[in-house]
Amino acid sequence: MTVSRSEYCVVACAEAWRENGEVLAATMAPVSSFGARLAKRTFSPDLLLTDGEAMLVDLDGATEGWLPYRRHLAMVTGGKRHVMMGASQIDRFGNQNISCIGDWERPARQLLGVRGAPVNTLNNPVSYWVPRHSARVFVERVDMVSGVGYDNAAAAGPSAARYHRIPRVVSNLGVFDFATPDRSMRLASLHPGVTVEQVQQATGFALTISADVPYTREPTAAELRLIREVIDPKGTREREVPA
């Protein structure tokens, strides 16, 4: 059975929540949301899902409970949430920018703003989903730090870095992590059909790349059925990650 690039991306996102236990899985985009739901339906059944506002929901989207803002913040600061955010820019140490492009005092483009990214990254695991991998997103140095990367967390001292963790970055080309001595970005796996050269050419800094980079794992037949028939029967994933 042919597996599309978007389906590899769903599986790669789902793997971010493997063995997370009972934490709130928060997402910002369709593919990452499908990944969280796939994880809960398969290998991470204790995950908590949200409607993105103030309700906990079950696998079918029905309300399970109320999640007021104060409780949500308590989960964030208590490390009981694993969010998969987006990134307008992300650099070699995992610093993320969603605030502005260009100099902060006179930006060329205003974006969302810092939002809750600093608190997220210093208090609970934060992964990233980037549907269009390019050197404009994967940059040597972000124009402004919104989400805190490993270098800045370390510079802030042990108390700041105590709960800081970036499990993975997933893009439409592959999966990346920071399992290196200096906590710089490493190419962890390639999506089938993508080459190391394509990834490096689309990245604005030198990645750590091993001699034998594995491919992103194949979805099982059961996972494919869930993605196609239950989680995303309308094929929204294919619009976010075209073949």
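What the table below lists for this structure:
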quantity: Counted residues, the range 229-243 - those being open to solvent by 70 Å² or more (accessible area, probe 1.4 Å) and either in contact (Cβ under 8 Å) with a residue 40 or more places away in the chain or within 20 Å of the chain's Cα centre (by Cα) (or both); calculated: 3
quantity: Within the range 31-59, considering residues that are hydroxyl-bearing (Ser, Thr, Tyr) and assigned to a helix (DSSP H, G or I), the one most open to solvent (accessible area, probe 1.4 Å); calculated: SER33
quantity: Matching residues, the range 74-103, being outside any loop (DSSP other than H, G, I, E, B), aliphatic (A, V, I, L, M) and over 13 Å from the mean Cα position of the chain (by Cα); calculated: ALA74, MET75, VAL76, ILE101
quantity: Unmet requirement for VAL175, which otherwise passes all of (1) over 17 Å from the mean Cα position of the chain (by Cα); (2) outside any loop (DSSP other than H, G, I, E, B); (3) modelled with pLDDT of 95 or more; calculated: (1)
quantity: Residue count, the range 216-227 (criterion: assigned to a helix (DSSP H, G or I) and either in contact (Cβ under 8 Å) with a residue 12 or more places away in the chain or open to solvent by less than 60 Å² (accessible area, probe 1.4 Å) (or both)); calculated: 6
quantity: Qualifying residue in the range 197-212 (condition: over 20 Å from VAL130 (Cβ atoms) and in contact (Cβ under 8 Å) with a residue 12 or more places away in the chain); calculated: yes
quantity: Qualifying residues in the range 138-159 (those that are small (Gly, Ala, Ser) and either open to solvent by less than 20 Å² (accessible area, probe 1.4 Å) or in a loop (DSSP other than H, G, I, E, B) (or both)) - the one farthest from TYR128 (Cα to Cα); calculated: GLY157
quantity: Among the candidates VAL199, VAL170, VAL213, residue that is under 29 Å from GLU7 (Cα atoms), touching a strand residue (DSSP E or B) at 6+ places or on another chain (Cβ under 7 Å) and either open to solvent by 60 Å² or more (accessible area, probe 1.4 Å) or in a helix (DSSP H, G or I) (or both); calculated: VAL199
quantity: Residue within the range 89-106 that is basic (Lys, Arg), within 27 Å of ARG239 (Cα to Cα) and surrounded by fewer than 16 Cβ atoms within 10 Å (Cβ to Cβ) present; calculated: no
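The values are calculated or read from the model by the stated rules, or taken from the named source; none is laboratory data. All figures in this text were calculated on a predicted structure; none of them were measured in a lab. Neighbour counts are summed over all protein chains in view; Cβ atoms, including those assigned to glycine, are modelled from backbone coordinates with ideal geometry. All accessible areas refer to the heavy atoms of the entire protein, side chains included, with ligands and DNA or RNA removed. Shrake-Rupley method; radii C 1.70, N 1.55, O 1.52, S 1.80 Å.
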